[in-house]
Structures are given as structure tokens and as C-alpha cells.
Amino acid sequence: MAGITFWVLVLSYWVHLLATVVWLGGLALMVLVAWPALRRGTLADNQWLALQMRFLPWANGSLVLLLITGFVQMTNDSNYHGFLVLDSLWAWAILVKHLAFGGMVVIGGYMQWVLYPAMERLRLLVEKRPNLAQTEQKGLSEREIRLLWLNLGCATAVLLCTAIATAIPSS
């Protein structure tokens, strides 16, 4: 039985790392490469939105995989002593990590179900009232970049907390 548990844990770590690379790599690409290209005019607005929409399924899938595999890993760690038992630096790091992860989920959900639909509606407004659309677009773009940076900050906090928890010896 210990052999199966070992391989489940190995698979969990592997999938967790892959999902982290997809999630954080995609987010970093958006914030550090695509957004500056959009601002310089080398990437059109419609290309930016298309890029965002293509990334969404990957981001959503990664978050689900991170949640499942993270649960498997956490409950198999000897430092885990129960739900909300904050008796060590490891437990605090895991709590902060989960709060940052929750922040990423909330930000991603807001962008997917509120911000991007508003941007789509704005494209329709451009045809009828271009001046109003331009003002509105500036506000939505500013909100989007703030959320992307905040999401990248949450992802970075998750990685920092992971490093802290990983560095702590098993109890």
C-alpha cells in the first residue's frame, strides 16, 4: 500500500508543478510581455482580448489542478496537524498560501465574469458612441492591469509561502 501512496504523491507533485508553470507562466506572459506590447501599439486590442480568452481555460484548469493536488500534498505532509491548526510556521505559511490562492481565484473570477464581458459590451458601444467608449475603455484597461498585477502578486506570495513550507523539516 505504501508503494501506491508514494506514486500518488509523485504524480500529485508533478501535476502540481506543471499547473504552476502554466498558471504563473501565462500570467507573467500577460503582465510582462503582452500588456507592454499592447501599450506600445504592437498588439491590437482585439488580439489582447483574444489572448486573454485563450488563456482562460488553461488558467481555470490549472487552478483546479492546483487545488486538488495541493490538497493531496498537504494532507500527506507530516507537518499537517488538522484543519486550521496553526501551531507552527509551516501551518501559517500554508494558511497565507491558501489566502493568496483564494485571492487569485476571486480575481480570476471577477475578470472572467465581470471585466471581460464589460470589455465585449464596450466593443459594441464603439460603433454608436466612440467618445464615450474611449473614456470607458481607459477605465476598464486600468482596472484590468491593476488586477493582473495583483494576481501576479498573489501568485508570487503562493510561491514564497510554498518555499517557506518546503524548507521546514518534517516533524
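The values are calculated or read from the model by the stated rules, or taken from the named source; none is laboratory data. None of these values were measured; they are calculated from a predicted model. Please note: Cβ atoms are built from the backbone with ideal geometry, for glycine as well, and neighbour counts cover all protein chains shown.
Does region 60-71 contain any residue that is touching a helix residue (DSSP H, G or I) at 6+ places or on another chain (Cβ under 8 Å) and within 20 Å of GLU120 (Cβ to Cβ)?
Checking region 60-71: at least one residue is touching a helix residue (DSSP H, G or I) at 6+ places or on another chain (Cβ under 8 Å) and within 20 Å of GLU120 (Cβ to Cβ).
Here's the yes/no breakdown for (1) on the phi > 0 side of the Ramachandran plot; (2) modelled with pLDDT of 90 or more; (3) loosely packed, with under 13 Cβ neighbours inside 10 Å:
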residue: THR5; (1), (2), (3): no, no, yes
residue: MET30; (1), (2), (3): no, no, no
residue: LEU65; (1), (2), (3): no, yes, no
residue: HIS81; (1), (2), (3): no, yes, no
residue: ILE94; (1), (2), (3): no, yes, no
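Within region 33-61, restricting attention to residues that are modelled with pLDDT of 85 or more and within 30 Å of THR166 (Cβ to Cβ), which residue is surrounded by the most Cβ atoms within 10 Å (Cβ to Cβ)?
Step by step, filter region 33-61, then rank; the result is ALA59.
On the given criteria, is LEU122 under 14 Å from the mean Cα position of the chain (by Cα), part of a helix (DSSP H, G or I) and either among the hydroxyl-bearing types (Ser, Thr, Tyr) or more than 30 Å from THR5 (Cβ to Cβ) (or both)?
Details: under 14 Å from the mean Cα position of the chain (by Cα): no; part of a helix (DSSP H, G or I): yes; either among the hydroxyl-bearing types (Ser, Thr, Tyr) or more than 30 Å from THR5 (Cβ to Cβ) (or both): yes.
When the stated conditions are applied, LEU122 does not pass them.
Would you point out the residue of region 67-79, among those that are among the β-branched types (Val, Ile, Thr) and surrounded by 15 or more Cβ atoms within 10 Å (Cβ to Cβ), that is modelled with the lowest pLDDT? Step through it out loud before you land on a result.
Keep residues of region 67-79 that are among the β-branched types (Val, Ile, Thr), which gives 68-69, 72, 75.
Restricting the remaining residues to those that are surrounded by 15 or more Cβ atoms within 10 Å (Cβ to Cβ) gives 69, 72.
Values: THR69: 95, VAL72: 91.
In this case the residue turns out to be VAL72.
Any residue at all in region 141-148 that's part of a helix (DSSP H, G or I), within 30 Å of TYR13 (Cα to Cα), of a type outside the set (Asp, Glu) and modelled with pLDDT under 90? If you could, list the steps in order and put the result at the bottom.
To start, the set of residues in region 141-148 that are part of a helix (DSSP H, G or I) comprises 141-148.
From what is left, the residues that are within 30 Å of TYR13 (Cα to Cα) are 147-148.
Right, trim to of a type outside the set (Asp, Glu) and you get 147-148.
Retained after the next criterion (residues that are modelled with pLDDT under 90): 148.
Scanning region 141-148, I find at least one residue that is part of a helix (DSSP H, G or I), within 30 Å of TYR13 (Cα to Cα), of a type outside the set (Asp, Glu) and modelled with pLDDT under 90, so the answer is yes.
For region 119-148, enumerate the residues that are of a type in the set (A, V, I, L, M, F, W, C) and loosely packed, with under 12 Cβ neighbours inside 10 Å.
Filtering region 119-148 for residues of a type in the set (A, V, I, L, M, F, W, C) gives 119, 122, 124-126, 132-133, 140, 145, 147-148.
Selection gives LEU124 alone.
So the check is Cβ under 9 Å with 6+ separation or different chains; which pairs have a first residue in region 77-88 that's more than 10 Å from ILE168 (Cβ to Cβ) and a second one that's of a type in the set (Asp, Glu) and surrounded by 10 or more Cβ atoms within 10 Å (Cβ to Cβ)?
So the pair list comes out as HIS81/ASP87.
Would you please name the residue that is farthest from GLY26 (Cα to Cα), looking only at residues in region 149-170 that are assigned to a helix (DSSP H, G or I) and not hydrophobic (A, V, I, L, M, F, W, C)? Spell out how you get there, then give the answer.
Restricting attention to region 149-170, the residues satisfying the condition of being assigned to a helix (DSSP H, G or I) are 149-167.
If we keep only those that are not hydrophobic (A, V, I, L, M, F, W, C) too, we end up with 151, 153, 156, 162, 166.
On the way: ASN151: 11, GLY153: 14, THR156: 13, THR162: 19, THR166: 24 Å.
Once the filter is applied, the top-ranked residue is THR166.
If the Cβ limit is 6 Å and pairs must be 6+ apart or interchain, which residue in region 158-170 that is of a type in the set (Ser, Thr, Tyr) pairs with which residue that is surrounded by fewer than 14 Cβ atoms within 10 Å (Cβ to Cβ)?
Taking only residues 6 or more apart or on different chains, the pairs are SER170/SER78.
Of all helices (runs of 4 or more DSSP H) completely enclosed by region 1-112, which ones contain at least 3 residues that are among the aliphatic types (A, V, I, L, M)?
In region 1-112, 2-29, 45-75, 89-110 are the helices (runs of 4 or more DSSP H) which contain 3 or more residues that are among the aliphatic types (A, V, I, L, M).
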